[in-house]
Amino acid sequence: MGQTERSHGVKRWSLVACVSALALLLLLPLAAVAKPKPATTVYRNGYVWTVDNRRPRAQAVAVRGAKIVFVGSNKAAKAFIGKKTKVVNLKGRMMMPGLIDSHQHPIEGGASLIGYNLNGVQRTIPELQAVLQGWLDASDDQEPDGWLDVELEVGGELLDGRRTAQHLGQLPLGTGDLVDGGYANITLDDEWGDWHLAAGFIASEVPVVATPGNHEFYDPKDRQKRNLNMFWRPGFTLPENGPAGLEETAYSFDYQGVRFIMVSSDQMLRDEAIARSQTEWVESLLKNNPCKWTVMAFHHPFFSTAARRNNKVVRENLKPLVDRYGVDLVLNGHDHTYARGVVMPDGAEQRGRRAGTVYVVSVSGSKQYSQDAAPWWEAGYTNTQLWQAITIDGNRLIYKAFDASGALADQFMLTKMKNGSNRIGLPPEVKTR
């Protein structure tokens, strides 16, 4: 009797044990496929280079806080997307781990700690300006011939603290030919590397905008080939609101009361359909423009400084719009010289200080050409590298051009009148150190 009861007890225990084990087995797959905690940011549709030979490529990356929690396919990445997850469409761009090389040369490292040093300093632009100005104020006893050397690793060169304190802009803008040649998948990685290295920390603090020139399109070995270099779109994050097919090469944006219109002039010159689409797009932006000021930027100028150059397609398509809608300032490159002048709408004469559109052609690189076209400019330079600082405050636009040493080379001021027209003159005197 007792034995039978014990036998029944064992049987009942075995049954319970089996049922419990079955329940556990059923629960395990559910736990394995439970949806993970949502990520902070998910990057999708990219070319992710993992630097892992076992799985060198992926499509998506999920990040939670400061930690990468997933690398894999677009489909699998969906599990990490929650209601508050930021989803970034990489649109085929490359994504790769950062390269961090941490080492120090003892003698150079020690010397760098003695002087003024900005390496590794993370500050906003106003904070950086305040730091540099403080160093300048502390070195008054060295004026007027002393230099303030501030160490910042930008291509092995020293950054001149005086110029940085006075002229760090809030919106750096380039009008093309950032590299010498850049057709399609011909990388010219050294040239792009030099450009981004020179920009250094500035590009991480403020937005940088640019329009491509002819050198971003052609093959150095065969200049008849035209295709945008593979590094243009991965190297910049630019608006994609231009004509279809010209994303990040033709675009516009409004910034603090200024409408900027960036045109891809090289593509206009070589494709009639693209010229037509950009012209219609530009007119739509000018016709419905809520901004007080309008600036256009593109590589090939309407009015060249070289007699052999004539960008007729660009001029005939866009200049009527510039005149009709009263564009204030047009910025160009291409000619490797400097010229600045007012050109009134066709048939009009400039009277007194009344201004039409101001056109600027400039060059910042070392390759320089001569000026042999019929002069349309009021100020001109050859064999001079220049950069510009443009300040807009309410009804005033103040333009200053500086040479590579920081010396003032050209300046003017536009004043916006109540009827929308401009008067041109010199900016008020500003006391500088």
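We did not get these values from a lab; they are worked out from the coordinates using the rules stated. Computed from a prediction, not measured in an experiment: that's the story for all the values here. Neighbour counts run over all protein chains shown; Cβ positions are idealised from the backbone, glycine included.
Were the residues from Tyr255 through Lys84 laid out at 0.36 nm apart, the gain over their Cα-Cα distance would be 58.8 nm.
Potential lengthening of the chain between Ser204 and Lys221 amounts to 2.7 nm, from the contour at 0.36 nm per residue minus the alpha-carbon distance.
If the only charges are +1 at each Lys and Arg Cβ and -1 at each Asp and Glu Cβ, what is the size of the charge dipole of the stretch 169-425 around the Cα centre, to the nearest 20 debye?
Numbers: 26 positive and 30 negative charges, 230 e Å.
Charge dipole, the stretch 169-425, about its Cα centre: 1100 debye, nearest 20.
The stretch 192-251 to the stretch 342-409: how many Å between their Cα centroids? Answer, in whole Å: 24. Whole-Hz Karplus values for the stretch 307-320 come out as 5, 7, 9, 8, 8, 4, 4, 5, 5, 5, 7, 9, 4, x Hz, taken residue by residue from phi with 6.51 cos²θ - 1.76 cosθ + 1.60 and θ = phi - 60°; glycine and proline positions read x. Of the trypsin sites (Lys or Arg not before Pro) found in the stretch 308-349, those that fall in a DSSP loop while having at most 12 other beta-carbon atoms within 10 Å are Arg308. Distance between the 7 Å Cα→Cβ label points at Lys91 and Asp52: 2.8 nm.
Straight Cα distances below 20 angstrom link Lys91 to the lysines Lys75, Lys78, with same-chain residues fewer than 8 positions distant left out.
Shape verdict for the stretch 41-95, please, from the Cα gyration tensor: rounded (a/c under 1.5), prolate (a/b greater than b/c) or oblate.
Numbers: a/c = 1.87, a/b = 1.49, b/c = 1.25.
Prolate shape, in that a/c is at least 1.5 and a/b is the bigger ratio.
Simple rule: put +1 on each Lys or Arg Cβ and -1 on each Asp or Glu Cβ in the stretch 326-400, find the dipole, and look at Thr391, Tyr359, Gly380; the Cα lying farthest toward the positive end is Thr391.
What is the dipole size for the stretch 41-95, taken about its Cα centre, with +1 at each Lys and Arg Cβ and -1 at each Asp and Glu Cβ, in debye to the nearest 20? Intermediate values should be presented prior to the final figure.
Numbers: 13 positive and 1 negative charges, 40 e Å.
Result for the stretch 41-95 is approximately 200 debye, rounded to the nearest 20.
Among Tyr47, Ser73, Thr85, whose Cα projects farthest towards the positive end of the dipole of the stretch 41-95, with charges put on the beta-carbon of Lys, Arg (+1) and Asp, Glu (-1)? The one lying farthest along the dipole's positive direction is Thr85. Remark: spin-label model distance Glu280-Arg396 equals 4.3 nm, labels positioned 7 Å along the Cα→Cβ axis.
Each peptide in 59-68, 83-92 was scored by the mean count of other Cβ atoms within 10 Å over its residues; highest first, the order is 59-68, 83-92. In plain terms, the chain from Asn419 to Asp271 could stretch by 49.5 nm, reckoned as 0.36 nm per residue minus the Cα-Cα distance. Cross-linked pairs Lys84/Lys287; Lys221/Lys400; Lys86/Lys287; Lys225/Lys400; Lys225/Lys367; Lys292/Lys319: Cα-Cα separations exceed 27 Å for Lys84/Lys287; Lys221/Lys400; Lys86/Lys287; Lys225/Lys400. This ranking places Thr279, Thr337, Thr382, Thr211 by how few other beta-carbon atoms lie within 10 Å of each, fewest first, which gives Thr382, Thr279, Thr337, Thr211.
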